[in-house]
Structures are given as C-alpha cells and as structure tokens.
Amino acid sequence: MRPPLRLVLALSLLAAAAPASPLFAYDHFKVAVYCRAYEVREMADPAWLESRWRELSAQVHVDKIYLETHRDLVIVDDKTLEAAKAFFAARGVATAGGITYTIDESNRFETFSYANPEHRRKVREIAEHTARHFDEVILDDFFFTSAKSEHDITAKGVRGWTEFRLELMARAAQELVVGPARAVNPKVRVVIKYPNWYEHFQALGFNLEKEPAIFDGIYTGTETRDAVLSAQHLQPYHGYSIMRYFSAIAPGRNGGGWVDPFGSRSYDRYAEQLWVTLFAKAAPEITLFDILNLHTPLNPALRGAWQDQPSSFDYEKLLQPVKLADGSILQPVTTARAAGVAFEAVDRTIGAIGRPLALKSYRPWHATGEDFLQSYLGTAGIPMEIVPAFPENEPIVLLTQQAAHDPEILAKIERHVRAGNKVVITSGLVRALQDRGLHQIAEIEHTGRVASVKSFQAGWGPLSTGDKAILIPQIGYRTNDSWELVSAIDGDNGWPLLHDADYGKGHLYVLTIPENFADLYALPQPVLDAIRKVVTAHLPVRLEAPGKVSLFVYDNDTFIVQNFRDEPVDVRVALALDRTAIEDVLSGEVVATTERKVARRWNKPPVVEAQVAGFAVAPHSFRTFRVKGK
C-alpha cells in the first residue's frame, strides 16, 4: 500500500529541511550577483556598501560580484570601481566587470546606433574603460540595436533590417568591444549574455551564428518569470531548454544562467527558475539579477496557497533567523533569502544528476516559426533539447516549423527516415513543406482549416475528454497510406493529433499542435502519455502525468520530475523491463516497480511493455530519483 501523500512528500523533502548555513558555499554550483551601474555608483560610500553586503551575504552565499561600469550613459568612475573591487577581494569574493549598452533603458530599451560615428566612439570608450579594471567583462542583454536613425537607414540601403543588423552587430562586436578591450588589457575575457527571446534575436542583430566565436564566452538569460503576468509569456521549462540550446551553440563556453525575481505570483515560481537553470547541468555558475532587487523586502502576498503542505520551496524556512559569522542574528527581510532557500533545497540534487538526455530538435540559424514551441512541449512532459545542426545520430528527431529555414531540410528528413530512424514533424512544419515536396515521403497536408475538439482517442483505447475545447489544425492524409495513432474528435468527425507514415526502414510522424500552444497542457493525460510513448521511446525514462509536469532525464540512471502545477500530482514513470525500483535521492525512499502488460489485437496474448513506478509530487516541487536494477 502506498504511504499517505503528506508522508511521502515529507520524506522526500527531509534532506532539504536542514541545509548547511547560507554562509557556506554550495557544493555543486557557484552563485554570482549582478550590480547595475546605479548601485555600483553608490559603493563610493563604504557604509552603504558594508550594510548592503552584510544583509545580502547573510541570506544567500555569494561567490562572485559583477560590477557594472555603464548603463543609460551612467559611467562609474575609476576610484569607485577600484574601491569596490578591494572591498570584495578582502572578503574572498571574486569580481568581474559588466556593461549594459543602453542609452535609456526606460525608453523601450533605447540602444546605441552602431551606424552612428558618435555612438560608436562611446561604445568603444566604455569597453576600454571597463577592461582597464577587470580581466572578465560581461555584456548584459542589450548588445543589440533597435535604432532606425538616419545613420541606420542610410547604412542599411536596400537590405532588410535583419540582414543589415546581423552584419552590423557582428562587426561591432569585434571592432568596438572585443578588439578595443583586448588592446588595453590582453588578459581580458569578454562574455556576451544573451537574453531569453532567442526566436527573434536576428531581427535586432543578435548573431548566434557568428558572435559566440568572436566573444570569449556566452551567458544565458533563463528568466521566465510568470507565463501569465509576463508580457513574454515564456513557459517554465524555457529556463532549462535555453540553457541546453546555448550550450550546444558554444560547447564548453556557456558561463551560466541568469535569473531575476520579477513578475512572479509566488516565491515558488522564482525558485523554479533557479532550479531548472541548474537542472540543465550546462554551466558551473548562476547569476542573480540584481543587488537592488535582492534587497526588496519580503512580501507575504508571494506565499503560495499550497504552502500549508510540504513542498520543495519552504516558505516558513524563508522566515527563520540566520546566525552570522560574528554570532549575531539576522532576521531575513529580503528577496535574497528566497534565493538562498531555493539553492539549499537543490544543491544535493545537482550533485547527483549526470548529463542530460532528451529528444533533440533542430533549429537552423536565425530561424523563426512556432516560436518557443520546444518549451511548451517540455512543460508538457517531453524532455527537449534544441540543437543548431541536424542531429544525424539520433534515432528520433523532432522538427518544428523552424526547420523549414534550412533549404535542405526535406533531403535530411528523407535520408534520416529511410535509414530506419524516426522524424516527428509538427503541423506547422507540414504547412511550410507541403509545397516543397513533402508528398515525396507521404501525402499529408495542412488543410488550412481548424477544428474545435474536446474528445480524443489513443489507438484502440477508450475516449478521453479534456476540460476545455481546443482549436487544432485539420491535417489531411490518404487512407491506408498513413495512420492515425491519436485522434481528436468533434461530434461525428475527427482528425489526427499524432499521425504515422512509414517510409523505407523508418517512420515520419506528424504531431498536430493546438492553435494556442498552451492548450497542450489541456490534453487529457492518456493523450499526452500516448504522445510521449512515441516521441520519447529512445529515452530510458518516460513520464506519465498531466500537463505542466516536466521530466528531466540523465545518463547516470537519475531523473527529476518537476511539478509546475498549483496542486499535487500522482506521477508514473515507465522504465526498461530490467529495472526493479527507483530511489528518492533526497529521502532514500525506495519505490518498487511493477510489470505493465498491454493487450494486443487479434486475440494475441498480452505482453509486458515496461516496468512502472508511481509516486506523488507536491505543487511547484521536484523529486529526484535514481533508477535501480539491471
């Protein structure tokens, strides 16, 4: 008999209940704090700096401070920078420089015009000024341009803005930032931090194809905040998927993830951003933006309604006094303690997990289409990893509409499937390729019509009904040439949600994406389970859970399940036939697996399909397991 839910959750979170003091370093990652030029300017006052540091360092351990030299035409003077560096060096804290190339951030992030000679001189001077003081310099978010001044219009000529800006900013990186910085300090490492909106980078001149080779390293913005409250509407899995994507772009040179506390309805959501960044296991450092907002007073309104039950983020621990090195007691009062509590809860997990495994999805350089869909699929329980080259060695590949940007994509699909592999293409990619020869593989088309559906059938199983009707594109095909695996039904009519066409030794699947991508979470669990069974068949762990529950799989027999929902969920994982149990890494609880048999048609006897283990996960919480037996 399974133990009561509260007991299971309490056991799984036991190790996080008594972490090391925040005055000690975390064992498996380092933490940095970014300071804007406005606050660095205040560090000219030693008393101001001492009081801020005392309060900050008592609530979250900090290994490194980024001291920004410029933002919004505010330039911090030499004396203040050197005094701040000396202050942190005396406390064993590393320092690096930071630059934000904005003229007025409050004016729609007003950027420099890199076609304007006066602006170009200023950009160069800022890089030189910063490199004189630091051996490492990071560019925050805004090394792009939205300027359309007369200088830019003239320089662009007849080219489109994307083409013009990509070339302009790649040259500016070398000529105005990296080159001048190295000229004044040959030891300097210049790192570019990319924000979270990579789908649209090329339109503003962020050049993921060329810039990583120009800079000494990259850094990743993993701020997802809240999908409802934030204007970007990024999904919670996005912080993980972008870390993995940028690490594929610059292998071994992704310095870390970067999170801010903005736009969250609870401290749990802030903690989740920190956790998924670290789950990516892509970099040794995580940066908290910024020192000002880490000093924001704690807000009781950000206590999650689910905090009356055990969860990975313990709000009550947030309020516990902290003993300082001098023996005095500090009552935590700011957002910094929320970061500290989150890090203490996840440290052991990061030490236990290995290299991530996932379903690979190819995004050509500068591609758009079905924006950020991989993060929706990840939030729906499909482990995802975006890569910048077609993953020819993967047995299953997922391609979204982005892949149409590659003029050779149909040939790549055909070769991969014909050789015995599986390619999953989305309904958006069907629409993009159906006039480019997709029919040579299978006569499947995007009809241009939509259907409102609420009922579904997976294979020959029973109908399942969702909580709401959703709109999906109607995919057409030729009867008996290809086959519906999962159907979406409205009244007396239906359309494929997951479709299968064999070709050569392999299979081409079509995954129909709802018109509103977030409606993936509204699909009934049996439907999501049926989709995961096909598209993650090559992974050692498969999730069975409702939407907004994510799975992270690793190559050392570990996995994490993160529940992004406001209520607890019962989860199952399907494993290989020789697996006998899973063990909770934090609590030591062992859950035995049981055989699952599936019926076959035509009166054939059932067969054992998988070993299955079930467990509960609290709201906005994660559990980490190690698979046992072989």
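The values are calculated or read from the model by the stated rules, or taken from the named source; none is laboratory data. Computed from a predicted structure; not experimentally measured. Glycine also receives a Cβ, built like all others from the backbone with ideal geometry; neighbour counts cover every protein chain displayed.
Listed here are the residues, each with its yes/no results for (1) within 17 Å of Tyr245 (Cα to Cα); (2) hydrophobic (A, V, I, L, M, F, W, C).
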residue	(1), (2)
Ala389	yes, yes
Glu408	no, no
Val423	no, yes
Thr426	no, no
Leu429	no, yes
Original post:
So how many residues does the stretch 239-277 have that are under 27 Å from Lys317 (Cβ atoms) and not basic (Lys, Arg)?
Top reply: 23
**OP:** With respect to Gly547, determine if the residue is crowded, with 19+ Cβ neighbours inside 10 Å, in a loop (DSSP other than H, G, I, E, B) and not aliphatic (A, V, I, L, M).
**Re:** yes
**OP:** Tally the residues that are touching a residue at least 40 places away in the same chain (Cβ under 8 Å), buried (at least 18 other Cβ atoms within 10 Å of the Cβ) and more than 24 Å from Tyr38 (Cβ to Cβ), restricting the search to the stretch 283-303.
**Re:** 1
**OP:** Look at Gly256 and say whether it is without any contact (Cβ under 8 Å) to a residue 24 or more places away in the chain and out of contact with any Leu (no Cβ under 8 Å at 6 or more places or on another chain).
**Re:** no
**OP:** Starting from the stretch 167-188, take each residue that is among the polar types (S, T, N, Q) and list its partners that are assigned to a helix (DSSP H, G or I) and surrounded by 14 or more Cβ atoms within 10 Å (Cβ to Cβ), counting only C-beta distances under 8 angstrom and pairs at least six apart or across chains.
**Re:** Gln174/Ile214; Asn185/Ala131
Subject >> Residue pairs meeting the criteria (Cβ under 9 Å; at least 6 apart or on separate chains; first more than 20 Å from Ser264 (Cα to Cα) and aromatic (Phe, Trp, Tyr), in the stretch 329-347; second part of a strand (DSSP E or B) and modelled with pLDDT under 95) >> reply: none
Original post:
Within the stretch 600-621, is there a residue that is surrounded by 11 or more Cβ atoms within 10 Å (Cβ to Cβ), farther than 22 Å from Leu528 by Cα and of a type in the set (S, T, N, Q)?
Top reply: no
**OP:** Looking only at the stretch 103-128, count how many residues are assigned to a loop (DSSP other than H, G, I, E, B) and at pLDDT 95 or above.
**Re:** 5
**OP:** Please state which of the following conditions Ala501 fails to meet, knowing it meets all the rest: (1) over 30 Å from Asn603 (Cα atoms); (2) in contact with a strand residue (DSSP E or B) (Cβ under 8 Å, 6 or more places away or on another chain).
**Re:** (1)
Original post:
What are the residues in the stretch 434-467 that are touching a residue at least 40 places away in the same chain (Cβ under 8 Å), assigned to a strand (DSSP E or B), farther than 16 Å from Thr512 by Cα and out of contact with any Lys or Arg (no Cβ under 9 Å at 6 or more places or on another chain), if any?
Top reply: Ser464
Subject >> Gly491 on the phi > 0 side of the Ramachandran plot and at pLDDT below 95 >> reply: yes
**OP:** Filter the stretch 568-590 down to residues that are small (Gly, Ala, Ser), part of a loop (DSSP other than H, G, I, E, B) and surrounded by fewer than 18 Cβ atoms within 10 Å (Cβ to Cβ), then give me how many there are.
**Re:** 2
**OP:** Among residues belonging to the stretch 22-43 that are assigned to a loop (DSSP other than H, G, I, E, B) and either crowded, with 22+ Cβ neighbours inside 10 Å or of a type in the set (Lys, Arg) (or both), point out the one that is farthest from the chain's Cα centre (by Cα).
**Re:** Met43
Subject >> Lone unmet requirement of (1) outside any helix (DSSP H, G or I); (2) within 15 Å of Asp500 (Cβ to Cβ); (3) not aromatic (Phe, Trp, Tyr) for Val430 >> reply: (1)
Subject >> Candidate set: the stretch 94-116, residues that are closer than 14 Å to Met169 by Cα, more than 27 Å from the chain's Cα centre (by Cα) and of a type outside the set (A, V, I, L, M, F, W, C); chosen: the one surrounded by the fewest Cβ atoms within 10 Å (Cβ to Cβ) >> reply: Asn116
**OP:** Could you check Glu82 against (1) in a strand (DSSP E or B); (2) farther than 21 Å from Ile192 by Cα and say which number it fails?
**Re:** (1)
Subject >> Among (1) assigned to a strand (DSSP E or B); (2) closer than 23 Å to Thr536 by Cβ; (3) touching a helix residue (DSSP H, G or I) at 6+ places or on another chain (Cβ under 6 Å) - the single one Val397 does not satisfy >> reply: (3)
**OP:** Can you give me the ranges of the helices (runs of 4 or more DSSP H) entirely in the stretch 282-380 with at least 3 residues that are of a type outside the set (Phe, Trp, Tyr), more than 22 Å from Ala25 (Cα to Cα) and in contact with a helix residue (DSSP H, G or I) (Cβ under 8 Å, 6 or more places away or on another chain)?
**Re:** 373-379
Original post:
How many residues, within the stretch 225-236, are in contact with a Phe, Trp or Tyr (Cβ under 8 Å, 6 or more places away or on another chain) and within 16 Å of Val549 (Cβ to Cβ)?
Top reply: 2
Subject >> Single residue of Thr512, Thr479, Thr465, Thr447 found to be hydroxyl-bearing (Ser, Thr, Tyr) and crowded, with 22+ Cβ neighbours inside 10 Å >> reply: Thr512
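Each row is one residue, and each column tells you yes or no for (1) modelled with pLDDT of 95 or more; (2) acidic (Asp, Glu); (3) closer than 23 Å to Phe134 by Cα.
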residue: Tyr194; (1), (2), (3): yes, no, yes
residue: Tyr198; (1), (2), (3): yes, no, no
residue: Gln202; (1), (2), (3): yes, no, no
residue: Asn207; (1), (2), (3): yes, no, no
residue: Lys210; (1), (2), (3): yes, no, no
residue: Gly221; (1), (2), (3): yes, no, yes
residue: Asp226; (1), (2), (3): no, yes, no
**OP:** From the list Leu298, Leu288, Leu292, pick out the single residue that is in contact with a Leu (Cβ under 9 Å, 6 or more places away or on another chain) and closer than 24 Å to Gly98 by Cα.
**Re:** Leu288
**OP:** Identify the residue in the stretch 137-194 that is among the charged types (D, E, K, R) and crowded, with 22+ Cβ neighbours inside 10 Å and, among all such residues, is nearest to Glu285 (Cα to Cα).
**Re:** Lys193
